[in-house]
1. Quick one: helix B:78-94 against the long Cα principal axis of chain B, what's the angle to the nearest 10°, folded into 0 to 90?
2. Stick to the Cα atoms of segment B:44-155, pair each with every other, and give me the Kirkwood hydrodynamic radius in Å at one decimal.
3. Of B:K235, B:K247, B:K11, which is the most mobile in a GNM of chain B whose springs link Cα atoms less than 10 angstrom apart?
4. Over chain B, what is the relative contact order in whole percent, taking alpha-carbon pairs under 8 Å and six or more residues apart?
5. Would you report the distance distribution of C-alpha pairs in segment B:176-242 as whole percents per 5 angstrom bin, up to the bin with the largest distance?
6. Counting residues in segment A:1-79 as N, plug N into 2.2 N^0.38 Å and put the Cα Rg over that result.
7. Return the FRET efficiency for the residue pair B:I188, A:K273: r is the Cβ-Cβ distance, R0 is 56 Å, and the value is rounded to the nearest 0.05.
8. Tell me the angle of helix B:178-191 to the major Cα principal axis of chain B, expressed in degrees between 0 and 90 and rounded to the nearest ten.
Amino acid sequence: MSKKPLSLTIVPMAVIIVSVFVIGIAGANLLGVWKTTNTKEPVKIKTGEFAGLPNPADIRGSYTWADVGKAFNIDVQHLLTAFGATDPAVKVNTLETIYTKETLPAGLEIGTGSVRLFVSLYTGIPFTADEGTVLPISAIAVLKEFGKADSSLIADAESKAYNPAAKQQSAAAKAPATTTPAPASQPAAAAKPAETATAAPAKPATTATTVKAVPTAENPAPAASAKTTSTTVAGTAETHEVKTGTVTGKTTFKDLKDWGLTEEKIKSATGGKIGPDSAVIKDWAEPNGLTFSELKPKLQALLDAK
Amino acid sequence: MPQKSAVLKRKNVRNIRHIVQAAFFILVAVTATVSVLAERGIKIPIPDASLHAICPFGGVVSFWQLLNVGTLVKKVHESSVVLAVIGLLLSLLFGPVICGWVCPFGTFQEWLGKLGKKLFGKRYNHFVPKNIDRWLRYLRYFVLAWVSYMTIITGKLIFQDYDPYFTLFNFWTGEVAITGYIALALVIILSLFVERPFCKYACPYGAFQGIFNLFRIFGIRRNAPTCISCKACDKACPMNIEVSTSKVVRDHQCISCLECTSETACPVPATVQMLALPGTVQDSFKKKSETSEAAK
């Protein structure tokens, strides 16, 4: 007698599908693995001088100001003042709706990348900002008082900072007969510290700068601050020139090879791994368990030693 | 009279899948909408999660990074991995049931398809010449390979900017790239001519799920001795699979919707059924002639 194979009809199929989802999700919930939001704890830097410290590069747009303050031990009031925000419970990605493309000069961006840059300059933990990522001038005032990164880096960030007051003055000077109203979306707080603001002249893109972090009396240095930091402040898009032999956030593996580094030398910096020629090193690093801020000085040193 | 009640019964049975589909569609739409509203400070007392958090494909493309580095791709959460594992389990057992029963974007295309059927009648879903259509069906594997490669390289959800599913539930949020709107518009227009065009030609998760059709445990089986070759199963299949010439359906495009079975389309009882399959991949190449001989 042949055994009749097990058959399934529509009703049992519907029951099975719904049950598997319900039981699966409930089980995951019980085990504590059903997480639909981030933990709001940035990954730690794994190697190098800053090992164990939270990585500013891992700040997500979904973090609130309070999350950033907690993760990096920053007074949340300093963050709010720096970015003209008022509510610590608001997500940092709202910056992109405040500082829209229409508000900012072409090629500049104030968003989550700016928060990462600010945190880096505030704490002295290295981070490489994308090209065009700038800070509002109100952030510079906070950094001048509390920032632990070298003053030259803060000055560099200041030279590129977005100053809405200067923009208005410039517009008024160009068209004295007409009044130029401030954009509706312009944050009031960002426009306030005009007395501390300087004009933001276009400057060529800077390359990585190795500096000593300077602890202040108000803010004793964290473990990281006495160490050598490497923070790159992005230049403006209009003035950016690709410098041969300079590792930036847009450098690819092909660029490194074109500049004379062999695969073996690249692997010596990356711990034996290497990406495809077209891969941007900065993008490739994180999924491969590396941080660009650590990788960059190593690669730069190899290039400089050539 | 008994014939009329049989037709009614078939319709009711078929509606069960449609109810399950509609329930998942509403669940996903509400969850994703409440999540966006919560981000904007509008709190609604319903559990919320971003669309990425409840998409199993995010879990699939995160596997490589999860295994190698222990982290997830940006915007993907642990819940996506849980759903990916659930999807994997269901696929191993029943094939791509996620596509046929759960995926809200598949449901959305089916709804548009109903309009297409009204507009074009029998011509609907038969506009693309078979010899071209056959090869176009493999396009989705290129999409899968490209999306997987780019996600591994960049650590970002690279498909979001082109994903019509993401666009459908986020078109009003300002987070959608222009390419996403174009993709959604294309799918909407094509759905009026072709059943589930995105699933057939471009869906990377559908491609991934489709692979399981080759070795799933339960599958669609046609009983050749009782088959009357009326081709009702072929006509009912939204994915244009020729069920009437197969002994076991192992076509990579099957979505396990059960529309072809003796419970719904097939007029002969116990002729097209979802059964635990003893067969192998080779069965998918056995055509009518062979199976008829076997029956003799």
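1. On a 0 to 90 degree scale, this one is about 10.
2. Numbers: mean 1/r = 0.0602 Å⁻¹.
Computed over segment B:44-155, the radius equals 16.6 Å.
3. Greatest mean-square fluctuation among the candidates belongs to B:K11.
4. On the way: 466 pairs, mean separation 55.0, N = 296.
After rounding, I find 19 percent.
5. Final binned percentages: 3, 13, 16, 19, 17, 12, 9, 5, 2, 1, 0.
6. Numbers: Rg = 23.5 Å, N = 79, 2.2 N^0.38 = 11.6 Å.
For segment A:1-79, the normalised Cα radius of gyration comes out at 2.03.
7. Working: r = 43 Å, r/R0 = 0.77.
For R0 = 56 Å, the calculated efficiency reads 0.85.
8. So the inclination is approximately 20 degrees.
Since every read-out is calculated from the coordinates, none of them should be taken as a lab result. None of these values were measured; they are calculated from a predicted model. As a convention, Cβ positions derive from the backbone with ideal geometry for all residues, glycine included, and neighbour counts pool all protein chains shown.
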